[in-house]
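Worksheet: one structure, shown below.
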Amino acid sequence: MSKNVLVIGTGTIGEPLIGLLAEHKKSLGLDSVIFFKRTPLSDERGKVEALLRKGAEIVSTSEALPEFTKLGFANIYDVEKAYEEADVIIDCTPSGNDNWDNVYSSLNQNKRFMAQGSEHGFGSFFAWGINNEVLESEDNKFLIASCNTHNIASIVKSFALDQQRELTEGRFVCLRRANDVSQNDSFSPSPTITKHTNQKFGTHHARDVHELFAQDGIELNLFSSAIKLPTQYMHTLWFTLTFDEHIKHKDILENLRDSEFLMATEKMSSNKVFSFGRDHGYHGRLLSHGIVAEQSLHVKDNTLTGYCFTPQDGNALLSSVAATVQYYYKDNWKNKMEIFNRYLFKNI
C-alpha cells in the first residue's frame, strides 16, 4: 500500500503542515507528501521552493500548470492525479465543506479526509491526545479542532476530567489576535467584540469543545465569549472552572506539571511566548495545546481562574499529523509520533 498524503492549501495552516509532514516523512513512514497550490503567484515562489526543498511535491489545476512552469517549476503535475493517488487528504482551506461536495465525495471513500476547525460539520472532531479513540471509528471524515478548541479542551481535560473532578461550569473568554503575522488583511485597529450567536454556548468555541467531548458521551456546561484585539502575536484565553468541591492551589500546579499537552510559563506577555516559539518551535510555532501563565492561576474555594496562551494554529498541526499516521499504522502510530517530542516543552 502506497502512503501518499495530499495537503490542500499553503496558507497559515497548510504551509507549516506540509513542511512538518515532508521533513519527517521517513520517520513517519510516508512515501510522498503532495501539496495543491491553486494560484501561481510570483511573490510566493520562495515559499513553494522552500517546501520543495523539504521534500514535498507540488500539484495544481491543469489550467494553472503552464503558469507554474513559467515561474520555473518543472516537476508539477495535475491535481486530479493526486486526488486518485493520495490515501489521506487534508484540506487547509476555508472551503472544506464545499470541496467535499464538489470533489472529495466522488473519490474512493476508503481514503481519510480531514478539514480544519472552521469547517464545522465536516466530520467528527479530533484533537491529538484529547480523544484519540475517535480515530478508531469507521468514519472517513474528521474535523481537526481549531487552535482555541484544542486549548479549551486541554484546560478542561487537565484540570477536571483527568482528575475526576466534577465540573459544574466552565467559562472562557478568547482574546483573539487580529490576524497572523504573515497576513496583511483583516487587521483590527481596535478591540472588536464577537457576537454571542449561540444562546446556549455563546460563541462557537464552547460549542465546539462541548461537541468534541459529547462524542464520548461527556456532557459539559460550557460558555465562551470572544474579542478580537489589535495584535498579531497569538490568542490568549481567560478561563474560570467551577467544581462541585473545594480545590487547592498546590494541586492545580501539580495537575499542570502532569498535563501531557499543556506547558507552563512564567512569562506574562504574549510577545515573550510568541518569540520563544519563533526561536525554538517548528516553523516558528509552538506545538503544545496551550501555554498556561502559571502566575495567573488563582484558586478560591471551588473555582479556578487563569490565563492560557493559545499557540496560533500550532496545536492543530500535530492533530493533522496524528490522524494521518494512525490511518497507516494502527498498532504503532503513537510511537511514530514521539519524533515530535523535541518540539514539546514543559516550561518556557
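The values are calculated or read from the model by the stated rules, or taken from the named source; none is laboratory data. For clarity, every value in this text was computed on a predicted model and none was experimentally measured. Note: ideal-geometry Cβ built from the backbone for every residue, glycine included; neighbour counts use all protein chains shown.
If the Cβ limit is 6 Å and pairs must be 6+ apart or interchain, which residue in the stretch 196-214 that is among the acidic types (Asp, Glu) pairs with which residue that is buried (at least 21 other Cβ atoms within 10 Å of the Cβ) and not in a helix (DSSP H, G or I)?
211/125
Which condition number in (1) of a type in the set (Lys, Arg); (2) without any contact (Cβ under 8 Å) to a residue 60 or more places away in the chain; (3) assigned to a loop (DSSP other than H, G, I, E, B) is the one that residue 176 fails?
(3)
For a quick check of your reading: which strands (runs of 3 or more DSSP E) sit entirely within the stretch 30-140 and have at least 1 residues that are among the charged types (D, E, K, R), at pLDDT 95 or above and buried (at least 19 other Cβ atoms within 10 Å of the Cβ)?
Details: elements: 32-36, 57-60, 76-78, 88-91, 112-116, 124-126.
Once the strands (runs of 3 or more DSSP E) in the stretch 30-140 are filtered for at least 1 residues that are among the charged types (D, E, K, R), at pLDDT 95 or above and buried (at least 19 other Cβ atoms within 10 Å of the Cβ), what remains is 88-91, 112-116.
Since residue 32 meets every condition but one in (1) touching a Gly at 6+ places or on another chain (Cβ under 9 Å); (2) under 21 Å from residue 71 (Cβ atoms); (3) hydroxyl-bearing (Ser, Thr, Tyr), which condition does it not meet?
Of everything listed in (1) touching a Gly at 6+ places or on another chain (Cβ under 9 Å); (2) under 21 Å from residue 71 (Cβ atoms); (3) hydroxyl-bearing (Ser, Thr, Tyr), residue 32 misses just condition (2).
Quickly run through the stretch 243-274 and pick out the residues that are surrounded by fewer than 17 Cβ atoms within 10 Å (Cβ to Cβ) and either in a strand (DSSP E or B) or within 19 Å of the chain's Cα centre (by Cα) (or both). Talk me through it step by step, then tell me what you get.
First, the residues of the stretch 243-274 that are surrounded by fewer than 17 Cβ atoms within 10 Å (Cβ to Cβ): 244-246, 248-251, 253-254, 257-258, 260, 266, 268-269, 271-272.
Hit for the stretch 243-274 is 260, nothing else.
Residues of the stretch 289-329 being outside any helix (DSSP H, G or I), in contact (Cβ under 8 Å) with a residue 60 or more places away in the chain and over 20 Å from the mean Cα position of the chain (by Cα), which ones?
Within the stretch 289-329, 302, 303, 304, 305, 306, 329 meet the criteria.
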